[in-house]
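The values are calculated or read from the model by the stated rules, or taken from the named source; none is laboratory data. Nothing here was measured: the structure is a model prediction, and the numbers come from that model. No Cβ is skipped: glycine too gets one built from the backbone with ideal geometry, and neighbour counts run over all protein chains shown.
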Amino acid sequence: MLTLILATLEFLFVLLMLACLVSFFFSLLFAWAWAQAQNSAQTAGGLGRSVSFTELLSVAAVEWGAFLTIMICHLIPMRYFHEAAPLRDGEFTVQQVPIIFVPSLNLGAASFQFLFWRLKRNYWNSLWPFQWKSFLESPDLLEDQLRNFIKQVVSNTEAKRFRIISFGTSRPIVSRALDDSNLQAYCDRWIAISAPEVLSDTLRYVSTKKSLQCYGVNYSSNLNSKKRPDLVICGENDFICYPRQVFGDSRHLVLGHMGHLGSLLHSDTTQAILKELVV
């Protein structure tokens, strides 16, 4: 019996190592494509820059590490953190205003574990992680789920306003949800991290059917006329979403030496969000 258990553990360990190696291989491939695009843009006189092989390995390794960190974070469940009193008429601090965390369409709320913990440590006491229902595929149903969750948070907190922090491909869903006339007046800050306005070629290649539908013409038409983020935080070395024009015309904060997932974990992201939320 003990031999069987040890053999099973060894097999699982080998599978885990293989999965890590495969994920690093794909990270290296995407970084290589990004570096080639940067070098080609520089040659053509564009906004690109020369990327050495050493820097390419560094970029791939940093993003790979961020990917593994976020996957490990998904092993820890996220729960609401609500210690704020109902925000009825009267004075209240900015830390009591509810913050809703909206993950990428293909990731869970646990992606925000580090940011969630840092905001708690800085005395924000109304934090609401949102989780997509895995069986929903239609953009309209995803939008309804998010809108209902926001209304539930507003009802529970009795708040006159709320903030949203989103990540990745959830941007068109958040934009459409906030276009609701019943919610427009409530959301006074929307911060989007690594959230493209249009799909890049690389992201289109790795996206699921759900993401492709949300960015499709049938759903995201006239998206430019709808709600846009007040701040978009993106990485200088984002080899998933490039060129930078895919993030649209919103106000940007570009993090040096960071990639798509790394931007979510970086301390500068936390500092920028804290600065943005105190307004």
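Of note, residue 91 satisfies the criterion of being loosely packed, with under 15 Cβ neighbours inside 10 Å and either outside the structural domain of residue 39 (by TED's automatic domain parsing) or in contact with a helix residue (DSSP H, G or I) (Cβ under 9 Å, 6 or more places away or on another chain) (or both).
Residues in segment 236-256 that are of a type outside the set (A, V, I, L, M), surrounded by fewer than 18 Cβ atoms within 10 Å (Cβ to Cβ) and farther than 17 Å from residue 205 by Cα: 236, 244, 245, 249, 250, 251, 252, 256. When 75, 68, 56 are checked against the criterion of being outside any strand (DSSP E or B) and over 17 Å from residue 240 (Cα atoms), 75 stands alone in meeting it.
Filtering segment 223-266 to residues that are touching a residue at least 24 places away in the same chain (Cβ under 8 Å) and of a type in the set (Gly, Ala, Ser) leaves 235, 248, 250, 259, 262, 263. The number of residues in segment 160-203 being within 16 Å of the chain's Cα centre (by Cα) and charged (D, E, K, R) comes to 4. Is segment 198-219 home to any residue that is in a strand (DSSP E or B), surrounded by 14 or more Cβ atoms within 10 Å (Cβ to Cβ) and touching a Gly at 6+ places or on another chain (Cβ under 9 Å)? Checked against the condition, which is being in a strand (DSSP E or B), surrounded by 14 or more Cβ atoms within 10 Å (Cβ to Cβ) and touching a Gly at 6+ places or on another chain (Cβ under 9 Å), segment 198-219 yields no hits at all. For the condition at pLDDT below 95 and assigned to a loop (DSSP other than H, G, I, E, B), residue 175 does not qualify. Residue by residue through segment 91-114, note down the ones that are closer than 21 Å to residue 229 by Cα and small (Gly, Ala, Ser). Within segment 91-114, 104, 108, 109, 111 qualify.
If I ask for residues that are touching a strand residue (DSSP E or B) at 6+ places or on another chain (Cβ under 9 Å), in a loop (DSSP other than H, G, I, E, B), within 21 Å of residue 206 (Cα to Cα) and aliphatic (A, V, I, L, M), which ones from segment 96-154 would you list? Correct list: 107 only. Only residues that are over 16 Å from residue 211 (Cα atoms), of a type in the set (D, E, K, R) and buried (at least 20 other Cβ atoms within 10 Å of the Cβ): list them for segment 144-176, please. Once the filter is applied, which keeps residues that are over 16 Å from residue 211 (Cα atoms), of a type in the set (D, E, K, R) and buried (at least 20 other Cβ atoms within 10 Å of the Cβ), segment 144-176 yields only 163.
Assess whether residue 27 counts as being within 23 Å of residue 264 (Cα to Cα), at pLDDT 85 or above and crowded, with 16+ Cβ neighbours inside 10 Å. When the stated conditions are applied, residue 27 passes them. In segment 107-143, what residues are surrounded by fewer than 16 Cβ atoms within 10 Å (Cβ to Cβ) and aromatic (Phe, Trp, Tyr)? 117, 123, 135, listed by residue number.
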